[in-house]
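Written below as structure tokens is the structure these notes are about.
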Amino acid sequence: MNATRLGRLMDAEMRQQPAVLAAMADRFADVGAQAAALFGGGGGPAGVAFLARGSSDHAALLGRYAVELQTGLPTCLVAPSLATAYGREPEGFRGWLLIALSQSGRTPEIVDLTRRYAAVGARVVAITNDPDSALARTAHYTVGLEAGPERAVPATKTVTSQMLAVLALASGLGTGGMTAPQAAELPAAAAQLLTDTAGVDRAAALLATVDRLAVVGRSACYPAALETALKLQETTGLMAHGFSTADFRHGPIAVTGPGTPALLLAGSGPADTDTLDLRYPLTARYAPIVLAGTANEATLTWPTLTHLGECLLATIRGQQLALAISRTLGIDADHPTGLAKVTLTH
């Protein structure tokens, strides 16, 4: 089979991202204003909690960074099993904002937990691609992704749209975050990446020969590292694992060596120098390195934006890499063995 026929749906949906992001960027200021309006003149939320699974959880992590950076509010990622398995109700979240993310809006535990948080007095925002879903009906305000149908099992356009949505929500909760003009830069930057595949092909040629890989990033690049590892896992079966740069130094770096490369994601933020500095201990371990980011010497580059929106560009590079490796291995990324588009966890 022609390799370009493998992963056709994933490829097509990735290429829709500039248009999907442009639509979200057009609503950026309004989404932020709606988040602020949920609390009227009451001074804003007492804290912000994010509820998600899978790829949506990686968008939630970006949102947590954005909210903490801009507002200093207590912020957390909800552990659904505390309620669904252990029976702990979220009584302490009255006056908080809960941001629940589910691309389908149908994951039972996400819908269930959203109802529980609303019942104890949290204000709830849903981010979903289905504005008529059970999750949307539970929320006080819904950010519809408007990404259109997504049929490939690996989520692509919905993930980056979720990431831009959480940045928009964060912008309404405090000053100093991404602005609407900055959001408007992202569609063109995404389009530029999607037409630039030479570095992707070089990286894929190396990584298709290994069965283990560390994907490492910090700050804005950490959610992208986790998402890239997930895309590699589900499309290729590669034992890829995402790490925070700081956590990676605390022991997991020991997994790398001549047969276990590291994919480093490093943009233009203040924490990215730490990731770039990993090249020295990795070289001492004879570990192959693929660098992705804003540095001139990176194999996979993206434009320097100097804000958290670079997470979306790093995520797109990870999508491209997953698709390229799967094609090199003769795997159809659209239909990974044993996986379904919607995972109905409880």
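The values are calculated or read from the model by the stated rules, or taken from the named source; none is laboratory data. Only a predicted model underlies this, so the values are computations on that prediction, with no experimental measurement involved. Note that we place each Cβ from the backbone using ideal geometry, even for glycine, and neighbour counts take in every protein chain shown.
When LEU62, LEU77 are screened for being in contact with a Pro (Cβ under 7 Å, 6 or more places away or on another chain) and closer than 14 Å to VAL166 by Cβ, only LEU62 passes.
Scanning region 289-319 for residues that are polar (S, T, N, Q) and either outside the structural domain of ALA205 (by TED's automatic domain parsing) or surrounded by 24 or more Cβ atoms within 10 Å (Cβ to Cβ) (or both), we see that the one that is farthest from ALA266 (Cα to Cα) is GLN319.
Okay, residues lined up against (1) crowded, with 20+ Cβ neighbours inside 10 Å; (2) in a loop (DSSP other than H, G, I, E, B); (3) in contact with a Gly (Cβ under 8 Å, 6 or more places away or on another chain); (4) of a type in the set (D, E, K, R):
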position	(1), (2), (3), (4)
ALA79	no, yes, no, no
LEU82	no, no, no, no
ARG137	no, no, no, yes
ALA147	yes, yes, no, no
ALA168	yes, no, yes, no
LEU173	yes, yes, yes, no
GLY177	yes, yes, no, no
ALA183	yes, no, yes, no
PRO187	yes, no, no, no
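Does region 192-214 contain any residue that is at pLDDT 95 or above, of a type in the set (Lys, Arg) and touching an Asp or Glu at 6+ places or on another chain (Cβ under 7 Å)? Within region 192-214, not a single residue is at pLDDT 95 or above, of a type in the set (Lys, Arg) and touching an Asp or Glu at 6+ places or on another chain (Cβ under 7 Å). For region 81-100, enumerate the residues that are over 17 Å from PRO45 (Cβ atoms) and either within 24 Å of the chain's Cα centre (by Cα) or not hydrophobic (A, V, I, L, M, F, W, C) (or both). Once the filter is applied, which keeps residues that are over 17 Å from PRO45 (Cβ atoms) and either within 24 Å of the chain's Cα centre (by Cα) or not hydrophobic (A, V, I, L, M, F, W, C) (or both), region 81-100 yields SER81, LEU82, THR84, TYR86, GLY87, ARG88, GLU89.
The helices (runs of 4 or more DSSP H) found wholly in region 1-54 and carrying at least 1 residues that are over 29 Å from ASP332 (Cβ atoms) occupy 17-26, 28-37.
Considering the conditions (1) in a helix (DSSP H, G or I); (2) buried (at least 24 other Cβ atoms within 10 Å of the Cβ), ALA126 is excluded by exactly one of them, (1). Beta carbons closer than 8 Å, at least 6 apart along the sequence or on distinct chains, pair a first residue in region 258-275 that is free of Cβ contacts under 8 Å to residues at least 12 places away in the same chain with a second that is assigned to a strand (DSSP E or B) for THR273/ALA266. Between ASP274, ASP334, the distinction of being in contact with a Leu (Cβ under 6 Å, 6 or more places away or on another chain) and either on the phi > 0 side of the Ramachandran plot or not aliphatic (A, V, I, L, M) (or both) belongs to ASP334 only. Considering each of THR245, THR236, THR275 in turn, give the residue that is assigned by TED's automatic domain parsing to the domain that holds VAL200, buried (at least 21 other Cβ atoms within 10 Å of the Cβ) and under 26 Å from ALA333 (Cα atoms). Unique residue meeting the criteria: THR236. Taken residue by residue, region 89-96 has at least one member that is assigned to a helix (DSSP H, G or I) and either touching a residue at least 40 places away in the same chain (Cβ under 8 Å) or among the aromatic types (Phe, Trp, Tyr) (or both). In this structure, is PHE39 out of contact with any helix residue (DSSP H, G or I) (no Cβ under 6 Å at 6 or more places or on another chain), touching a residue at least 24 places away in the same chain (Cβ under 8 Å) and over 28 Å from VAL153 (Cβ atoms)? For PHE39, the condition - out of contact with any helix residue (DSSP H, G or I) (no Cβ under 6 Å at 6 or more places or on another chain), touching a residue at least 24 places away in the same chain (Cβ under 8 Å) and over 28 Å from VAL153 (Cβ atoms) - is met. Of the residues in region 329-344, at least one is at pLDDT below 95, exposed (fewer than 14 other Cβ atoms within 10 Å of the Cβ) and over 28 Å from ARG15 (Cβ atoms). Residue check: SER326 meets all listed conditions (1) in a helix (DSSP H, G or I); (2) within 27 Å of LEU169 (Cβ to Cβ); (3) in contact (Cβ under 8 Å) with a residue 12 or more places away in the chain but one, namely (2). Checking each residue in region 145-179 for being more than 30 Å from GLN233 (Cβ to Cβ) and either of a type in the set (S, T, N, Q) or not assigned by TED's automatic domain parsing to the domain that holds ASP132 (or both) picks out SER171, THR175, THR179. Can you tell me which residue within region 49-77, out of those that are in contact with a Cys (Cβ under 8 Å, 6 or more places away or on another chain) and among the aliphatic types (A, V, I, L, M), is surrounded by the most Cβ atoms within 10 Å (Cβ to Cβ)? Filtering first and then ranking leaves LEU62.
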